Each structure stands twice: as structure tokens, then as C-alpha cells.
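K.L.:
My questions will all concern the structure given below.
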Amino acid sequence: MKPAKFEHQRMASLDEAVKALGNAEGETRVLGGGQSLGPMMNLRLAQPDVVLDLSKVEGLDGIEETGNAIRVGARVSHARIEDGEVPGKTGDYMQFVATGISYRSVRNRGTIGGSVAHADPSADWPSALLALGGSVTAAGGNGIRTISLDGFTVGPFSTGLGWDEILTGFELPVLGTDANWGYYKVNRKPGEFADAIGAVTLGVEARAVCGATESAPFRVTEIEERLASGVQEVSIAEVRDILDRYDAGFDDYELQIHAVALSRAVQGAFA
């Protein structure tokens, strides 16, 4: 398959990209690594009139620890995270997530910012970063804006970005050396998108996320409260009962695999 006709614009700077996005006519998409948008365009599931390519824009590929936060640029590839460039315990968690994304050839080009902005419900980073906490930074016509990762993904392929905003990076918490985390996903074979994701971090606060749903990943507060109280295991049956009280639209099979993923993520946090 080949994409429908579109205009490709390679941006030289972030300011130029923001201006071009604000002035564009027709449907306009921003291209990071192209590993999500490209296949959708080839299948004609996405048919933008204009594609703004950020591959040459400087200042979006940094990784820096500053005090209690780690800044990760939107154009940082999955492969760089897999190779351990994000420091500390936060980096250990992100490295584990990155290693399970597709295949190395995809990880070499795919970017963390592109994945989160694309917001595929089955992708790893929207769920993994929600469990980590922190915020998204975005540039638009009104300048730089910081958006909490809580609620940033609002539905399938839908985020809290404004129509004229470009995701530029993330500010993520530094997990202490005594922090725990667990991440588990159900997929039919390695490299495929997930059918269910469970993600847990125990740092300053306990966070537990149910991901790869038909909509947006969501925090499971009852499990977070149990973890905060010192509980170190939640059975699959207990997670089923908890998730069944959420309006997630799961059928019986989906309820089971999401319960398995989240229960095993909790188990992994204390392994």
C-alpha cells in the first residue's frame, strides 16, 4: 500500500514547526519517528494533507536529570532508552518498557514523544508513563505549556494537546533507589501491540495503571491504596473484582487478561 497524496515539510526549528502547524490548511500531522503514523498512512487509515517532519529540529532529543526530575525530549528514540541513557531507577523502569516495544529496527527510529502524541491505546508509553507520573511539555501559539500525564490521553488517538501544539518532551519523577516497579503486558507474540498492560510504580506515591484498553489507560485507585498500605500481592481474582467496578467496557475475556496483567505487575514490583 502507498499513502494518499500529501505535502511533506521538513521543519528546521521548533518555532518554524509551531508556526507552520498554526497556519496549515487541511488536516496536518506532526511526524516524529514515523513508526506509528507511517504505517497508518500506508494503509490509508490516516490521510493528512500536510505532514510536518521534526526529524531535523534541534533541542528535542536531550536526556537530562535536574533535581527531582528527568527531562526526556520528544525525539528520544526507544532504542536510546533501551540502551540505558535514562539514568537511575527511573531509567531501569523505562529501559524494561522500551525493550519490549516491537523490534530493534522500529526502536531505532520510533520516538517516545511520537508514541504518546499518537496515543494508540495498545502502545506501551501512554500506560507506562501514566504509571510513572510527571508531565508533558508542549509548544504552541501561546508559548510553552505543561500538562499532567494524568488525563493527558483522553481516548483512542486523542490527547490533551491543543490543535496548534506540538509535544516537545516530558518531565518525569526521579525514582529513589528503594523504589519498586512492575510492568507486564499480554500479547500474542513478542513485538506485537499489547492486548492488556499492567504497570505499577512505588516511589513517592503508589501508582497502578490498567492499559491497552479500548479507550485511555486509567489508574486503579483501589490497588494504589492497597499498595500504599503495605500490601505486596493482589490476586487475579481480586483484581477482576476491582476492575469490574470500573466502566471500562471489558467483556469476560478482556477482564481476565487485564486482571492477569495488573496482578503480575504488582507481583513484579516485589520480585
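K.L.:
Write out the trypsin sites (Lys or Arg not before Pro) in segment 1-77 meeting two conditions: DSSP loop, and at most 12 other Cβ atoms within 10 Å of their Cβ.
P.N.:
Hits after loop and neighbour filter: Lys5, Arg44, Lys56.
K.L.:
Here's another thing I want to ask about it. With point charges of +1 on the Cβ of Lys and Arg and -1 on the Cβ of Asp and Glu, referenced to the Cα centre of segment 181-269, which listed residue (Thr213, Phe193, Leu227) lies farthest in the positive direction of the dipole?
P.N.:
Positive-end residue among those listed: Phe193.
K.L.:
Now a separate question. If you project the alpha carbons of segment 103-248 onto their three principal axes, what span does each projection cover, largest first, in Å?
P.N.:
47, 34, 33
K.L.:
Under a no-solvent Debye model with one identical scatterer per Cα of the chain, what's log10 I(q)/I(0) at q = 0.08, 0.12, 0.13 Å⁻¹?
P.N.:
-0.32, -0.71, -0.83
K.L.:
In addition: Using a Debye calculation, one point per C-alpha and no hydration shell, please list log10 I(q)/I(0) for segment 7-53 at q = 0.15, 0.29 Å⁻¹ in order.
P.N.:
-0.36, -1.11
K.L.:
Let me ask something else. Using a 10 angstrom Cβ neighbour count of at most 11 plus a DSSP loop assignment to flag exposed chymotrypsin sites (Phe, Trp or Tyr not before Pro), which longest range of the chain is free of such sites?
P.N.:
164-271
K.L.:
Just in segment 196-267: which GluC sites (Glu not before Pro) are loop by DSSP and have at most 14 other Cβ atoms within 10 Å?
P.N.:
Glu205, Glu214, Glu233
K.L.:
State to the nearest 20 debye the size of the charge dipole of segment 7-53 about its Cα centre, where the only charges are +1 on K and R beta carbons and -1 on D and E beta carbons.
P.N.:
Its charge dipole is roughly 180 debye.
K.L.:
Is any residue of segment 94-121 close enough, with backbone N under 20 Å, to a label point placed 7 angstrom from the Cα of Asp83 along the Cα-Cβ axis, and if so, which?
P.N.:
Of the residues in segment 94-121, 94-115 have backbone N under 20 Å from the label point off Asp83.
K.L.:
Roughly how many whole Å is it from the C-alpha centroid of segment 109-184 to that of segment 20-54?
P.N.:
So the separation of the two Cα centres works out to 19 Å.
K.L.:
Is any residue of segment 109-150 close enough, with backbone N under 20 Å, to a label point placed 7 angstrom from the Cα of Gln47 along the Cα-Cβ axis, and if so, which?
P.N.:
The answer is none.
K.L.:
What spacing in nm lies between the two simple spin-label points modelled at Val186 and Asp252, each 7 Å away from Cα in the Cβ direction?
P.N.:
Between Val186 and Asp252, the simple spin-label model gives 1.4 nm.
K.L.:
If all Cα-Cα distances of segment 185-271 are sorted into 5 Å bins from 0 onward, what percent lands in each bin, rounded to whole numbers?
P.N.:
Reading the bins upward from 0: 3, 16, 29, 26, 16, 9, 2, 0.
K.L.:
Let me ask something else about it. What FRET efficiency do you get for Glu225 and Ile63 if R0 is 25 Å and r is their Cβ-Cβ distance, rounded to the nearest 0.05?
P.N.:
0.15
Every read-out reported here was derived from the displayed coordinates using simple, explicitly stated rules and does not represent laboratory data. Just so we're clear, the structure is a prediction, and the values are computed from it rather than from any experiment. Here Cβ is always computed from backbone atoms with ideal geometry, including for glycine, and neighbour counts include all displayed protein chains.
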